[in-house]
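Q: Attaching a single structure in structure tokens format; questions to follow.
The values are calculated or read from the model by the stated rules, or taken from the named source; none is laboratory data. A quick note: this is a predicted structure, and the numbers were derived from the prediction, not measured. In this analysis, Cβ positions are derived from the backbone assuming ideal geometry, glycine residues included, and neighbour counts consider all displayed protein chains. In case anyone asks, the SASA skips ligands and DNA or RNA and just uses the protein heavy atoms, side chains included. Shrake-Rupley method; radii C 1.70, N 1.55, O 1.52, S 1.80 Å.
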Amino acid sequence: MSITQQYLLDGYRAAQHGEAAPPAPGSHDWETARELRDYRRFRAVLAGRPATGRLRGALSRLLHGRRPAH
């Protein structure tokens with residue numbers, strides 16, 4: 001069963017029970033991605049690592065051959 005078929009089935013069941021329809025598939029993808037990013041930053045701070053720009057800084061150092069600034 002595809003995700004669209006499952007969504008339609010859930011919507012039908014909700015309508016039969018007089019409940020609100022579930023959110024459409026993909027409607028919360030960006031919110032989930034932001035929450036994951038925030039969680040990873042939070043975990044980095046707890047571990048004592050810098051919380052922002054880690055990937056971009058690493059790629060920049062790789063491409064330009066610079067040493068990390070401490």
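Q: Please specify each residue of the range 1-40 satisfying the condition of being under 30 Å from L55 (Cα atoms) and part of a helix (DSSP H, G or I).
A: Within the range 1-40, D29, W30, E31, T32, A33, R34, E35, L36, R37, D38, Y39, R40 meet the criteria.
Q: Could you list all residues from the range 1-39 that are open to solvent by 100 Å² or more (accessible area, probe 1.4 Å) and in contact with a helix residue (DSSP H, G or I) (Cβ under 9 Å, 6 or more places away or on another chain)?
A: M1, E19
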